[in-house]
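The values are calculated or read from the model by the stated rules, or taken from the named source; none is laboratory data. As the structure is a prediction and not an experimental result, all values here were calculated from the model. Positions of Cβ are backbone-derived with ideal geometry, glycine not excepted, and every protein chain shown enters the neighbour counts. The protein model used for the area step is the full one, side chains on, heavy atoms only, and it has no ligands, DNA or RNA in it. Shrake-Rupley method; radii C 1.70, N 1.55, O 1.52, S 1.80 Å.
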Amino acid sequence: MMDSCQHIVLVSRPTGIPVAENFRLETGPMPVPTDGEVLVRARYLSLDPYMRGRMSPAKSYAKPVEIGEPMEGETIAEVVESRHPDYQPGDLVRARSGWRTHAAISAEGLHRVDPALAPITTNLGVLGMPGFTAYAGMKVIGQPKPGETVVVAAASGPVGSLVGQLAKLAGARAVGIAGGPEKCAYVRGELGFDAVVDHRSEGIEEKLAEACPDGIDVYFENVGGQIWQVVLPLLNRFARVPMCGVIAHYNGAAGAEHDLLPATMLAIVRRSLLLRGYINVEFVDEHYDAFLREVGPKVRSGEIRYREDIVDGLEKAPEAFIGMLAGRNFGKALIRLS
Ligand code: NDP
């Protein structure tokens, strides 16, 4: 076995858009598991927008990553040594082992991965946390009905792509918003949305209004900023808004042309809107099994489609992560470790 491992640590906190200098690739001794722990070797690392929040010291639902500590993240990993009776070398697990090639971690937080069920990478995407986030937000808050219009931005990504496909399965119209012609063609052509609007092209306001002639009944909020600005006037009475994420604001930039608070508050009252924020873990106990039961077979049969954007090498994680925040990923952002 190798006697050293690599990890990427946070060396400084970004102001605004993260830069490569906020991270450093380090080599260290191979960790040694203690009783109850396993040593895992990561095969795939998931890159997710929430990681931007962990780089900031601001109070949030989870603790920030400390300076000098490895970045947090979920991986698909292989057990190489076990000091826990339930795990053997060779077992595949989903682990919160971070931006590291190897980690000695408690076996308590591990989830088994069965490679016979679906490609293992899906456990970080369409059948993992992002997929569940889409499912729970739609099931608990969005609740689309046949004939209603559902709008979602970041529509080619792991959350948005499933939101639209779940809307279709519920008999609703799915309208996506995505960045650039290639992503838009995929959302309309491969994912089967009814319409798609390119937020990087001119006239998004008119285009979205055209794509939603009966207004919007469910707006699944992934972005905030300018997208919220164009969605707000189109929301129907009693529209539901699962507030899943506001990626346009994660780097601190306003993203909107003007202060939307008064318009938003007036609309909430006058149109009886429901805006409900959530973090997916809130719904895990009640809904995760149903998610796997309902979505799993449809992913395996190809009825639900997904796309992955895989970059090779742990050292590429900072660049790929920064790119994802700017929309340069096309599908679920993953790092493959050799
Ligand atoms: P994606 O893989 O879709 O990546 C983010 C995408 O956001 C980019 O590719 C880009 O797509 C889009 N984007 C970035 N900035 C802007 C902008 N200013 N305006 C419009 N679009 C923008 O991410 P995920 O599917 O993993 O996550 C989607 C959202 O869900 C995020 O806000 C994330 O924080 C949230 N989330 C929330 C969870 C929860 O528990 N509440 C859990 C998981 C995710 P494009 O090029 O198409 O614009």
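Table: residues versus (1) at pLDDT 95 or above; (2) within 16 Å of the ligand (Cβ to nearest atom); (3) of a type outside the set (Val, Ile, Thr).
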| position | (1), (2), (3) |
| --- | --- |
| ALA42 | yes, no, yes |
| SER46 | yes, yes, yes |
| ARG52 | yes, yes, yes |
| ALA58 | no, yes, yes |
| GLU69 | yes, no, yes |
- Could you pull out the residue among ILE227, ILE247 that is open to solvent by less than 30 Å² (accessible area, probe 1.4 Å) and within 15 Å of the ligand (Cβ to nearest atom)? ILE227
- Task: Quickly run through the stretch 159-174 and pick out the residues that are open to solvent by 10 Å² or more (accessible area, probe 1.4 Å), of a type outside the set (Lys, Arg) and outside any helix (DSSP H, G or I).
- Result: ALA170, GLY171
- Those residues of the stretch 296-327 which are of a type outside the set (D, E, K, R), part of a helix (DSSP H, G or I) and within 15 Å of the ligand (Cβ to nearest atom) amount to ALA317, ALA320, PHE321, ILE322, GLY323, MET324, LEU325
- Identify all residues within the stretch 27-53 that are of a type in the set (D, E, K, R) and open to solvent by less than 30 Å² (accessible area, probe 1.4 Å); write none if there are none. ASP48, ARG52
- Item | Options MET138, MET129; residue that is within 16 Å of the ligand (Cβ to nearest atom) and either β-branched (Val, Ile, Thr) or under 12 Å from the mean Cα position of the chain (by Cα) (or both) | MET129
- Item | Residues being part of a helix (DSSP H, G or I), among the hydrophobic types (A, V, I, L, M, F, W, C) and surrounded by 24 or more Cβ atoms within 10 Å (Cβ to Cβ) - total across the stretch 133-152 | 3
- Query: Does ARG293 meet the test of being assigned by TED's automatic domain parsing to the domain that holds THR133 and open to solvent by 60 Å² or more (accessible area, probe 1.4 Å)?
  - Reply: no
- Note on the structure: Selection from the stretch 1-24 of residues under 17 Å from ALA320 (Cα atoms) and assigned to a strand (DSSP E or B) yields HIS7, ILE8, VAL9, LEU10, PHE23, ARG24
- Message: Give me the residue from the stretch 78-93 that is open to solvent by 30 Å² or more (accessible area, probe 1.4 Å) and touching a Leu at 6+ places or on another chain (Cβ under 7 Å) and, out of that set, farthest from VAL311 (Cα to Cα).
- Response: GLU81
- Message: Need pairs with beta-carbon distance below 6 Å; first residue more than 17 Å from PHE220 (Cα to Cα) and within the stretch 272-289, second of a type outside the set (Ser, Thr, Tyr) and surrounded by 14 or more Cβ atoms within 10 Å (Cβ to Cβ); sequence gap 6+ or separate chains.
- Response: HIS287/ALA136
- Counting only residues that are under 18 Å from the mean Cα position of the chain (by Cα), more than 9 Å from the ligand (Cβ to nearest atom) and of a type in the set (S, T, N, Q), how many does the stretch 141-166 have? 1
- Taking the stretch 79-130, which residues are in a loop (DSSP other than H, G, I, E, B) and of a type in the set (Gly, Ala, Ser)? GLY90, SER97, GLY98, ALA116, ALA118, GLY125, GLY128
